[in-house]
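**Student:** Got a structure for you, written out below as structure tokens; questions coming shortly.
Each reported figure results from applying straightforward, stated rules to the coordinates on display, with no laboratory input. Computed from a predicted structure; not experimentally measured. All Cβ positions, glycine included, derive from the backbone under ideal geometry; neighbour counts span all protein chains shown.
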Amino acid sequence: MNKRKEISTHDTWFSFEVKPSRIDGMGVFAKEPIPPHRKIGNLGGQVISIRAARQRVKQQKRVAMVEFGDGRALDASVNANQLRYVNHSCDPNTYMRVAYGRVEFYTLRRIRKGEEITCNYGETHHDGKLSCKCGSPNCKGRL
């Protein structure tokens, strides 16, 4: 039996808004100041097998997929929340932690009201073939 687990779309601890981003497409922005070293929420989505995730990646133009390392992945394009729009930055203000079957976001520093929430994606399925658009002085140039 192939059961798929949905992760709640309301697991955020602060107020955010999704709007156009200078980095890429849409982004998620803080509607209030957020203190440093705080959990801001869990990425919503559908837990599926790595095999199914890799098939979906091939079929979609924009993906939001995080692998857990145990044969499962979170597809944040299904049952997503606002954190699905966290864009990559080489100089991020949050980090992503994969733990306990969740994808959690924590602040690295204080985030100002109106600031875009960003995260360094680390290794991606792009294998260095996608140009980075973060605009950071420390930009690595590729994802």
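**Student:** Please arrange K39, K31 by how many other C-beta atoms lie within 10 Å of their C-beta, fewest to most.
**Tutor:** K31, K39
**Student:** Sticking with this one: Go ahead and estimate [θ] at 222 nm for the chain from helices alone: -39,500 (n - 2.57) per DSSP H run with n ≥ 4, summed, over the residue count, rounded to 500.
**Tutor:** So the calculated ellipticity at 222 nm is -2000 deg cm²/dmol.
**Student:** Given points 7 Å out from each Cα along the Cα-Cβ axis, report the A52 to H37 separation in nanometres with one decimal.
**Tutor:** 3.9 nm
**Student:** Now for a different question. Quick one: which of K19/K133; K39/K113; K39/K133 span more than 21 angstrom between C-alpha atoms?
**Tutor:** K39/K133
**Student:** Can you find, among G135, G71, G114, the residue farthest towards the positive end of the dipole of the chain? Put +1 on the C-beta of Lys and Arg, -1 on that of Asp and Glu.
**Tutor:** Farthest towards the positive pole: G71.
**Student:** Length gain on complete extension for the stretch S136 to D24, per 0.36 nm per residue less the alpha carbon to alpha carbon distance?
**Tutor:** Here the segment from S136 to D24 would lengthen by 39.0 nm.
**Student:** Please state the charge dipole magnitude for region 5-119, taken about the Cα centre, from unit charges on C-beta atoms (+1 on K and R, -1 on D and E), reported in debye and rounded to the nearest 20.
**Tutor:** The calculation lands at about 140 debye.
**Student:** With the cut-off at 1.5 for a/c, could you classify the chain from its C-alpha gyration tensor as rounded, prolate or oblate?
**Tutor:** Oblate is the answer for the chain, as a/c is 1.5 or above yet b/c matches or exceeds a/b.
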